Amino acid sequence: MLVAILKEAREDETRVALTPDAVKALTGKSVSVAVESGAGVQSGATDQDYEAAGASISGSRAELLATADVIPVVNALPAEDQEKLKRGSVMIGFLRPLDDPAALSAAVKRGATLFSMELVPRITRAQSMDALSSMATVAGYKAVIVAADHLPKLFPLLMTAAGTIPPAKVLVLGAGVAGLQAIATARRLGAVVEAYDVRAAAGEQVKSLGAKFIEVDLGGLQTEDKGGYAKELSPEALELGRQAIAKAAKTADVVITTAQVPGRRAPLMIASAAVEEMRAGSIIFDLAAPAGGNCEATKPGETTVYHGVTIFGPANIVAEMPVHASMLYSRNLSNFLQLILKKGELVIDRADEIIAGSCVAFGGEIVNERVATALKARA
Ligand code: NAD
């Protein structure tokens, strides 16, 4: 049984799928791990570290693709790599199957089994495999740190002999995993924090972190699906949220936006007109930029200035924290691998809820209904 760790092909990627610690736990009598030379360098793991953990180092990507039984990845392999996969091998990672299902076609044709970490169901047994939460935690923290660094003001209230400095005001939109981490980080730096989310349950969590929750009366609308995720809102409900946000944003120094609806474009929460009303020198950090952005003026992948407001729309913010992002992700992947590797053999129990939920393709077919529908919609 060969597990291969390849260099990530995406230019802005610095994470690695499995760290040396994970490799050490995996290698044994019947599982060997091969690492493409340099795969871990940007996340602080050298070839020597992997060798010390029991892996072999290879200079030939083509050979690894042709021989590996399991390839854990951060991002899906590019099509030219997928075409070289060993028939029936397994690829696991952030495969973006709902956003770009066609990008997996070459692997499906090779008969590869594909598991998407985004689709791991959020049930208690799968908590240790919840890579979305791991990355959201890192993203929420980093967004506040970058915003604090760029803000031409201090975050905390300071009383000095030269006068009193009022605390910065931070507005957080979307109080899921990333939003709650952003709130906690901004509070620790001394800012006054307000937050908004459509899910009523988020209100208590926001308040428990010492932030104010912005209440919007949506007339008893059902905003949450049975998985605990936000539903896509009606245009009217979205507009009510936007009005409350525009009012709060006028006096905010930093707005961190994190709102997402799985498999859809991110909801538009800040209209350009609301940005125009914000104070010059303030900051919007749009963590939903990869899904289109929560702010109308966000340019995904860029940092821009609109009416004096700096808008960050990073394409891959977690890649700026590669050591801990890789460490958490690697642990999530290792826990997932334990489900499918039994005594050195691949055992794919498709009746298991976690396997069934996260399996995108099996035996040359797309087996996930939502992914199949997304693929048809784009054909
Ligand atoms: P997410 O990244 O999909 O979205 C971020 C936040 O944006 C969510 O809180 C969502 O309610 C909010 N949002 C979406 N549309 C909005 C709109 N129009 N206006 C305002 N807010 C909007 O979500 P997430 O952070 O991955 O987590 C979503 C939920 O899942 C949370 O309740 C979280 O606690 C829960 N969760 C459960 C588990 C588990 O049980 N294992 C693990 C992680 C998260």
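A compact table of results
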{"read-out": "Tilt relative to the chain, helix 177-188 - C-alpha long axis, 0 to 90 degrees, to 10", "value": "50 degrees"}
{"read-out": "Length-normalised contact order for the chain - Cα pairs under 8 Å, 6+ apart - percent", "value": "18 percent"}
{"read-out": "Calculated [θ] (222 nm, deg cm²/dmol) that DSSP helices of n ≥ 4 give over the chain, each run adding -39,500 (n - 2.57)", "value": "-9500 deg cm²/dmol"}
{"read-out": "Helix 369-378 vs. the chain, principal-axis angle (Cα, 0 to 90°, nearest 10)", "value": "80 degrees"}
{"read-out": "Computed over the stretch 136-315: relative contact order in percent, which uses C-alpha pairs under 8 Å that are six or more apart", "value": "18 percent"}
{"read-out": "Met321 - accessible surface, heavy atoms, 1.4 Å probe, Å² rounded to 10", "value": "50 Å²"}
{"read-out": "Cleavage-rule hits, GluC sites (Glu not before Pro), the stretch 70-119, DSSP coil, Cβ neighbours within 10 Å at most 15", "value": "Glu83"}
{"read-out": "Heavy-atom accessible area per residue - the chain, 1.4 Å, Å²", "value": "45 Å²"}
{"read-out": "Sites matching GluC sites (Glu not before Pro) across the stretch 1-61 that sit in DSSP coil, with at most 13 neighbouring C-beta atoms within 10 Å", "value": "Glu11"}
{"read-out": "When the chain is reduced to its Cα atoms, the Kirkwood hydrodynamic radius in Å", "value": "22.0 Å"}
{"read-out": "³J(HN,Hα) computed for each position of the stretch 209-224 - Karplus, 6.51 cos²θ - 1.76 cosθ + 1.60, integer Hz, glycine/proline x", "value": "8, x, 10, 8, 9, 7, 8, 10, 7, 9, x, x, 4, 6, 10, 10"}
{"read-out": "Förster radius 25 Å - calculated FRET efficiency between Thr303 and Lys7 (Cβ-Cβ, nearest 0.05)", "value": "0.40"}
{"read-out": "DSSP-loop trypsin sites (Lys or Arg not before Pro) across the stretch 171-227, with at most 10 other Cβ within 10 angstrom", "value": "Lys226"}
{"read-out": "Probe 1.4 Å, all protein chains present, accessible-area order of Ser272, Ser32, largest first", "value": "Ser32, Ser272"}
{"read-out": "The stretch 252-373, relative contact order [Cα under 8 Å, separation at least 6], %", "value": "17 percent"}
{"read-out": "Principal-axis tilt of helix 235-249 within the chain, Cα atoms, nearest 10 degrees", "value": "60 degrees"}
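The values are calculated or read from the model by the stated rules, or taken from the named source; none is laboratory data. All values reported here derive from a predicted model rather than from experimental measurement. Note: ideal-geometry Cβ built from the backbone for every residue, glycine included; neighbour counts use all protein chains shown. Protein only, heavy atoms only, side chains kept; ligands, DNA and RNA dropped before computing areas. Shrake-Rupley method; radii C 1.70, N 1.55, O 1.52, S 1.80 Å.
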